[in-house]
Structures are given as structure tokens and as C-alpha cells.
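I have placed the structure first, in the form of C-alpha cells, so that the comments after it can refer back to it.
The values are calculated or read from the model by the stated rules, or taken from the named source; none is laboratory data. It should be emphasised that the depicted structure is a prediction, and the values quoted were computed from it without experimental measurement. Using ideal geometry, Cβ is built from the backbone for each residue, glycine included, and neighbour counts are taken over all protein chains shown.
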């Protein structure tokens, strides 16, 4: 992907700034409110629980809804998470957050919960520590690692290392990027381009239709 190879800070900032408009443009139920929960409410709530932060089952369920709304809807995963024991969720997340910056250990603690794989675990960690843990989205992973959707711990660690490196590369002078910023920019770039591409045929058809009508009038 061209963006991931780019070192142009302005290009990355433009992709970051396009995130909210893209979220709002997607016709996915509750995505705007879920994204606000994930980007703003959840991080603030987790840090209010310092020095022993944890996530609740209700918050984990909302996070799963956010994750599935951005990607492929898998109601079975949502069912697994919704049925988790509250104490187990809080205990596993406490251990995970306490393990940071050791991503391998943190992800392992969270994936002990039924329905929570490395991608969901990465979303939990990114909400609390965006400067360390990026979310393992389809779009960002394919940009960083190539044509792969192998959601394993090994792949996540390789993915996180690449996004950490890119964030460090772009954080020059007064600019500051986190690995989570890199993921969000990559997602926005891919989804934004896909949205434009899907809209183009309709635009082209409309243009052709108008052209045909004009010819008929001549």
C-alpha cells in the first residue's frame, strides 16, 4: 500500500483528519456512536481506573460491537463476549494492562476469554495504551504485512512492531504519531478509497444517462 511506504507527514495527517467524515459517511447502524465510545469514552474511563485499570463485560461488549461494525459482522462472537463472567473479564483485563508494554503477555491474558482473539485483544489494549498497541484491523494489517489475514499472536507482534516503527519515523520536530494513529490513518485511506471507487460506477452511469438524454433531444 502506497501510504504505508510514505514518509510524508502531511499525507498521513490528511488521512487521519478524514477518519471522522468517513465514519459518518458509512451507512452502518450505530457506528458513529460506537466509534465515539471507543475513541473517547472508553480510554477516559480506563484511565480513571488507574493504577489498576480494567474493562467491564458491558464495555467489552460495546467494543466488540464497534469492531464488528467496522468490519464483518459476526454475531456469534458478540454472543460469546456478552455471556462472559464479569469477574473473569475484569481479572483478565487487569492482568493484561499490568503486563504492558509486553504485548505478547498482554494479548495472551485477554485471549483466555472466550470470543476474544488477538484482534479484539489488540482493540482493548489500544484503547488504553495507543502509544504501544495498535488495533489489528484488516486494512492496516494488509498494508503493513501484505496480503494476509492470519490473526495470530505472532502476526500481531510483527504488525505492532511495524506500526511502532512508522509512528517513530513520522514523529519528527513538533509532530507526534502513535501506532494507533498509524492504524487509523491506514484504515481511513483504504475505506475512503473503497467508498470513492464504489460510488464511481453510479456516477459514471448517471453521467452516461444524462448524455443519452441530451442526444435524444438533439
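If the condition is being out of contact with any helix residue (DSSP H, G or I) (no Cβ under 9 Å at 6 or more places or on another chain) and either assigned to a helix (DSSP H, G or I) or within 13 Å of residue 128 (Cβ to Cβ) (or both), then the stretch 92-109 contributes only 101. Of everything listed in (1) in contact (Cβ under 8 Å) with a residue 12 or more places away in the chain; (2) within 16 Å of the chain's Cα centre (by Cα), the single unmet condition for residue 153 is (2). Selection of helices (runs of 4 or more DSSP H) fully inside the stretch 119-218 by the criterion of at least 2 residues being out of contact with any strand residue (DSSP E or B) (no Cβ under 8 Å at 6 or more places or on another chain) and modelled with pLDDT under 90 returns 179-217.
Is it fair to say residue 112 is touching a residue at least 12 places away in the same chain (Cβ under 8 Å), within 26 Å of residue 46 (Cα to Cα) and either surrounded by 13 or more Cβ atoms within 10 Å (Cβ to Cβ) or in contact with a helix residue (DSSP H, G or I) (Cβ under 8 Å, 6 or more places away or on another chain) (or both)? If you could, list the steps in order and put the result at the bottom.
Working: touching a residue at least 12 places away in the same chain (Cβ under 8 Å): yes; within 26 Å of residue 46 (Cα to Cα): yes; either surrounded by 13 or more Cβ atoms within 10 Å (Cβ to Cβ) or in contact with a helix residue (DSSP H, G or I) (Cβ under 8 Å, 6 or more places away or on another chain) (or both): yes.
Answer is yes for this residue.
Yes or no, residue by residue, for (1) touching a helix residue (DSSP H, G or I) at 6+ places or on another chain (Cβ under 9 Å); (2) on the phi > 0 side of the Ramachandran plot; (3) not in a loop (DSSP other than H, G, I, E, B):
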{"residue": "28", "(1), (2), (3)": "yes, no, no"}
{"residue": "35", "(1), (2), (3)": "yes, no, yes"}
{"residue": "60", "(1), (2), (3)": "yes, no, yes"}
{"residue": "73", "(1), (2), (3)": "no, no, no"}
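The set of residues in the stretch 3-26 being without any contact (Cβ under 8 Å) to a residue 24 or more places away in the chain, surrounded by 14 or more Cβ atoms within 10 Å (Cβ to Cβ) and part of a loop (DSSP other than H, G, I, E, B) consists of 6 alone.
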